[in-house]
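Asker: Sending over a structure as structure tokens; questions will come in a sec.
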Amino acid sequence: MEPGTSTDGPSGDGPDLLPARMLNEFVYCPRLFYLEWVQSEWADSSDTVAGASDHRRVDIERGGLPEPSELAGESCEARSVLLGAPKERLIARIDLLEARNGEVVPVDYKHGRPPDKGAWGADRIQIGAQALILREKGYRCRRGVVYYVAAKRRIEIAIDDALIDETRESVRKAWKAAEKRIPPPPLVDSPKCPRCSLVGICLPDEHNLLAAVESAPKHDVRRLYPAKADALPLYIQAQGARLGKTGDELEVTEREQGTRRVRLIDVSQVALFGNVHASASAVSVLLDRGIPICHFSYGGWFRGITHGLGNRNCELRLHQYRTVIDPAKSLRLARGFVSRKIRNTRTLLRRNGVRPKPEILEEMNRTANLAEKATTQERLLGIEGVGARLYFQSFSSMLKMSLSTFGFESRNRRPPRDPVNALLSLAYSVLARDWTVVLLAVGLDPFLGFYHRPRFGRPALALDLMEEFRPLIADSVVLQVINNGEVQNGDFVKRGDAVALTQDGRRKFFLAYERRMSHLVTHPIFGYRLSYRRLLEVQARLLARYLTGELQTYDGFRTR
């Protein structure tokens, strides 16, 4: 059963019955239980994948289970047995039931190894829950078994009064926790966290640091997930190309380049430009795997996204909507977006500009200070405009003089009228796509922002959050491909007063963009290094924690 899925009909505001597996999660970590069952968060890890493999033998329903009155003298086995107990408010899919001499013995398969003595506490409670269900159904159950696959050991659990009382108390506490609007706090410096599949969603050490938890250790925050994402975007821009599926691979067929295959496990998203055909089987497997398909026009305009059901955490979106209609809270967030954008552009200009004028840098610093004190959204818009004008007024000082033929006088778009602006427009479009994908994965509505207005179908929240990352990611990529000679004048085509990249020019840009997204950067608050692509997700999750009330402030990203 997938996390967050009720195996019974709805009752009131939630499911009728608590899955025994979720009770196991509650005893192990109440926050993990809440994230998985209440908020429907889920992520695989090597342990969950191995555990699923361990369960293959017992996940297929086999064998029958006689009624309690028919068990006398019977000896049988049944696998993957789904039973519910309304009085105990429990439900379980029991891996294996062994029936002998009028008694039934639930056997639960677990990946890993047991402790030195007995079974792990959470596994004992899960067996206790299965025993409660069987007893409510009228079966005689006096013992259960936990089978640890890695050790190939069966640990017998006595179903005594102490275990029954402990199990019922755990059920009561789990239901009470599930009824709350905010998840339980993370564990503090726990050895359980590094192996948890949801550690990148929970962010326990980061949360405790920002929430100023008294018992949290004062040493550096642990980075408990990979610095770089293993899967990367797949770009397909050859017109007439076809995206298909073969086994566990995507198959890309182009007229000139032939056919290439990419493993699904290596793909985080698929970006289609212009006239690219995707087969029904390819779309279906991408939806099943939670891999979004991003659609762009041939010229690079972000048009839309195809994705599955996505994150089912409706409570988070309700918090987002409440914040949007609260002018004070929205303005507080908007001020941060704009001030950090101005400060990050100032840092980029100071580092890369050829003798930037001190008065420009000072004025940008003053403008950022004004943004932090803006009293209205309209005033903030004006301040942002001043900051942008000061920045782009000096932008050409960051371009090498030997490539002055690219030309740049000011920011222009719709359509861009010079190569630099064509690169900037594409960079902003791709960055908006990445933020949209991240926000959908986290469970936020990318089209409802706190600063940008939800008009004309724009992903307003994605535009909000990308403000401070425009100079750090998009502008930096543009400077890199120009100053390093990765793109030349021949990579652009001019139509009237409009300039656009050729297909080969876009290919060169995407290579540089992905290099930038994989670049490791030190987080100014947490102190560890992670890639820009991973950083976007961390910031989105911190914003979500702020919106739900778990954190009192949202600390955006300002480069050092």
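None of the figures in this text is laboratory data; all of them are computed from the coordinates on show. Predicted, not measured: the structure shown is a model, and the values here were computed from it. With ideal geometry, Cβ positions are generated from the backbone for all residues, glycine too; neighbour counts draw on all protein chains shown.
Asker: Can you work out the Karplus-derived ³J(HN,Hα) for every residue in segment 62-75? Use 6.51 cos²θ - 1.76 cosθ + 1.60 with θ = phi - 60°, whole Hz, and x for glycine or proline.
Answerer: For segment 62-75, the Karplus-derived couplings read 9, x, x, 10, x, 5, x, 6, 9, 7, 4, x, 7, 9 Hz, x marking Gly and Pro.
Asker: Long-range amide H contacts for residue 211: which residues qualify at under 5 Å (H placed 1.01 Å from N, peptide plane, sequence gap of 5 or more or a different chain)?
Answerer: Those lying under 5 Å, H to H, from residue 211: there are none.
Asker: Sticking with this structure for a sec: Which of the three applies to segment 232-306, rounded, prolate or oblate, going by the alpha-carbon gyration tensor with a ≥ b ≥ c and a/c under 1.5 meaning rounded?
Answerer: The shape class here is oblate.
Asker: Also: With 30 Å as the limit, write out which pairs from 192/329; 152/192; 110/173 have Cα-Cα distances beyond it, or answer none.
Answerer: From the list (192/329; 152/192; 110/173), the Cα-Cα distance tops 30 Å for 192/329.
Asker: Same structure again: Checking the cross-link filter: which lysines have an alpha carbon closer than 24 Å to that of residue 357, excluding same-chain neighbours under 8 positions apart?
Answerer: 341, 400
Asker: Within the chain, which complete DSSP H helices have Cα atoms spanning at least 27 Å along the helix axis and a mean Kyte-Doolittle hydropathy of -1.0 or higher?
Answerer: 327-352, 419-442
Asker: Further question: For segment 148-232, what D do you get in µm² per second when you plug the Kirkwood radius from alpha-carbon pairs into Stokes-Einstein at 20 °C and 1.002 mPa s?
Answerer: The diffusion coefficient I find is 130 µm²/s.
Asker: Enter the Cα centre distance for the pair segment 331-346 and segment 476-517, rounded to the nearest angstrom.
Answerer: 28 Å
Asker: Can you give me the distance in nm between label points at residue 82 and residue 322, each placed 7 Å from the Cα along the Cα-to-Cβ direction?
Answerer: 3.4 nm
Asker: Classify segment 95-163 from the C-alpha gyration tensor, please: rounded if a/c falls under 1.5, else prolate or oblate depending on whether a/b exceeds b/c.
Answerer: The shape class here is prolate.
Asker: Tell me the Kirkwood hydrodynamic radius of segment 497-543 in angstroms, computed as one over the mean inverse distance between distinct C-alpha pairs.
Answerer: Computed over Cα pairs of segment 497-543, the Kirkwood hydrodynamic radius comes out at 12.6 Å.
Asker: Further question: Would you mind computing, in nm to one decimal, how far apart the modelled labels at residue 488 and residue 355 are, each placed 7 Å from Cα along Cα→Cβ?
Answerer: 3.1 nm
Asker: Could you give the C-alpha radius of gyration of segment 314-547 expressed as a fraction of 2.2 N^0.38 Å, taking N as the number of residues it contains?
Answerer: 1.02
Asker: Then there is this: So how long is each side of the chain along the principal axes, counting just the alpha-carbon atoms, biggest first, in Å?
Answerer: Per principal axis, max minus min of the Cα coordinates gives 92, 57, 42 Å.
Asker: Would you mind calculating the gained length between residue 169 and residue 61 on full extension (0.36 nm times residue separation, minus the Cα-Cα distance), in nm to one decimal?
Answerer: So the extension gain works out to 35.8 nm.
Asker: Let me ask you something else. Where the centroid of each part is defined by its Cα atoms, how far is segment 244-263 from segment 72-151 in Å?
Answerer: Taking the Cα centre of segment 72-151 as reference, the centre of segment 244-263 is 46 Å away.
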